[in-house]
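The values are calculated or read from the model by the stated rules, or taken from the named source; none is laboratory data. Computed from a predicted model, the values in this text were never measured in an experiment. Note: ideal-geometry Cβ built from the backbone for every residue, glycine included; neighbour counts use all protein chains shown.
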């Protein structure tokens, strides 16, 4: 099983929910295949009844068997999986910065050196979305204080590590 998303919250009171996708773009989901949510250690299959993309990494979703607010409350915060092999891997070369969703954002501490290898790093949070704003692309990062939008400019990027799925950026003062 491969985690592809997380149930964030309900959208209304009739069982529709908001999902945030991690390693796959919402439009790449195979709507004919089930998704799985783990209950008591066992994966339970759900089929997608309706699917509306919201932004680059979120969607409004209606799953079979989820019909009311109480049902959504039971699965809020849970991971959503697909069977291994159903996912198409995203890459920076093919998908651009949208592939950073699910990566970890790090920033140097105040007393760091100029070399990325020697820096003392602070974990900012997980990148949850890529927002393509003309001439000002941004990433949304889930920090301990909530979601933050950070401009994704080449002058701020210190290093990108695809192997560990980490990006090191100099985050402008006042954004965190």
Task: Count of residues meeting criterion [without any contact (Cβ under 8 Å) to a residue 40 or more places away in the chain and more than 13 Å from residue 105 (Cα to Cα)] in region 122-176 - done: 14
Task: Complete set of residues in region 130-162 that are touching a helix residue (DSSP H, G or I) at 6+ places or on another chain (Cβ under 7 Å) and in a loop (DSSP other than H, G, I, E, B) - done: 137, 152, 162
Task: Verdict on residue 35 being buried (at least 19 other Cβ atoms within 10 Å of the Cβ) and out of contact with any helix residue (DSSP H, G or I) (no Cβ under 7 Å at 6 or more places or on another chain) - done: yes
- [ ] Return yes when residue 97 is closer than 18 Å to residue 54 by Cα, at pLDDT below 80 and in contact with a strand residue (DSSP E or B) (Cβ under 7 Å, 6 or more places away or on another chain) and no when it is not.
- [x] yes
Task: Unique residue being modelled with pLDDT under 85, over 25 Å from residue 151 (Cβ atoms) and buried (at least 16 other Cβ atoms within 10 Å of the Cβ) when the list is 28, 86 - done: 86
Task: Among the residues listed as 167, 127, 122, the single one being modelled with pLDDT of 85 or more and more than 29 Å from residue 18 (Cα to Cα) - done: 122
Open item on the list: I need the full set of residues from region 163-176 which are touching a helix residue (DSSP H, G or I) at 6+ places or on another chain (Cβ under 9 Å) and assigned to a strand (DSSP E or B), in order please.
Closed with: 167, 168
Task: Criterion: closer than 17 Å to residue 129 by Cα, part of a loop (DSSP other than H, G, I, E, B) and either touching a residue at least 40 places away in the same chain (Cβ under 8 Å) or not assigned by TED's automatic domain parsing to the domain that holds residue 100 (or both) - qualifying residue of 56, 30 - done: 56
